[in-house]
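FYI, it's all coordinate maths here, none of it is from the lab. Values in this document were obtained by computation on a predicted structure and should not be read as measured data. Cβ placement follows ideal geometry from the backbone for every residue including glycine, while neighbour counts extend to all protein chains displayed.
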């Protein structure tokens with residue numbers, strides 16, 4: 001067995017693919033418990049984690065994105081965290097490229113690549129190798145939509161998308177102005193909705209996928225979301241947003257549109273009270289979690305687990321699913337019994 005393990009590892013190191021590359025994926029809404037489980041699975045299966053979160057790529061956005069700290073990672077390598085300055089643009093296509101490179105690097109060292117995150121488009125585009133259409137851009141149209149949002153608000157801009165592409169509007173938060181405008185721009189330039197483009201993807205994965213999805217009783221999930229936000233505020237979310245504002249970022253920049261940052265920035269600019277900002281943040285995060293679940297439920301191949309139930313039993317079942325899925329890949333072996 002050891003000789004066969006070494007032989008396969010050697011073939012992989014030479015870049016010779018004997019079969020599809022195994023890829024472990026953990027998804028679920030915010031506050032459902034992905035981080036704690038990801039560390040357990042990574043240790044057990046000798047994996048390295050690739051963040052599938054669109055906001056954790058940004059430096060200086062730590063508390064509001066629930067980014068795992070260096071001292072919390074238990075010596076498990078984490079990729080695609082803190083790779084962009086707040087001023088930079090970062091897209092699903094950028095993530096797909098970066099994550100693909102990380103998967104190759106991790107696999108070449110004999111480790112199991114492991115995607116963990118809640119940004120549905122990012123994770124799905126990687127798992128099924130979406131081809132992003134090169135539709136170009138219409139800067140005048142973008143400027144028009146940005147001006148419309150400034151005058152009428154993010155909800156009004158989101159309503160424009162809902163009128164032409166309800167499925168995309170359901171999946172995108174009104175605060176995600178960059179993607180809302182891009183979805184409108186795609187329709188403006190091609191006559192085809194963003195959802196129609198997504199539906200046209202083949203949904204055939206280049207990977208041997210094992211996707212674990214976490215869910216939870218809705219009332220309990222909302223309670224956990226509110227507790228998490230209270231903790232973020234105690235840990236210094238307001239000060240973190242103050243630091244970002246010192247970058248003199250445009251109102252439509254990614255950090256200033258991000259959940260948790262947009263609401264607190266409005267308070268710091270005197271546009272609302274602290275209490276109103278916190279209440280809005282809790283409301284918007286609940287809505288965001290609902291959109292996350294809606295996105296993931298349109299995906300296939302997911303093994304769902306309810307974290308409200310006996311999670312010890314769930315944990316054994318999850319390990320069993322991973323073992324069954326990757327049993328033919330002898331280079332991946334569990335480091336502990338379960």
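General remarks:
- Direction-averaged projected area, Cα convex hull, the range 86-226: 11.1 nm², rounded to one decimal.
- In degrees, nearest ten, helix 177-190 long axis to first principal axis of the chain (Cα): 90
- Folded to 0 to 90 degrees: helix 34-44 orientation relative to the chain principal axis, Cα: 20
- Alpha carbon convex hull of the range 139-199, projected area averaged over orientations, nm²: 3.6
- Working from Cα pairs under 8 Å separated by at least six residues, relative contact order for the range 139-199 is 29 percent.
- By the equivalent-ellipsoid construction on the alpha carbon gyration tensor, the range 144-260 comes out with semi-axes of 28, 25, 14 Å, ordered largest to smallest.
- Cα centroid separation - the range 58-104 against the range 262-308, whole Å: 20
- Once the Cα atoms are used to define both axes, helix 154-164 deviates from the longest principal axis of the chain by about 70 degrees.
- Look at 101, 240, 275 and count the other Cβ atoms within 10 Å of each Cβ; fewest to most, that gives 275, 101, 240.
- Over the chain: helical MRE at 222 nm, DSSP H runs n ≥ 4 each giving -39500 (n - 2.57), nearest 500: -16000 deg cm²/dmol
- Descending by average beta-carbon neighbour count within 10 Å, the peptides 212-224, 144-156 line up as 212-224, 144-156, the highest first.
- Residue order, fewest to most surrounding Cβ atoms within 10 angstrom, among 269, 142: 269, 142
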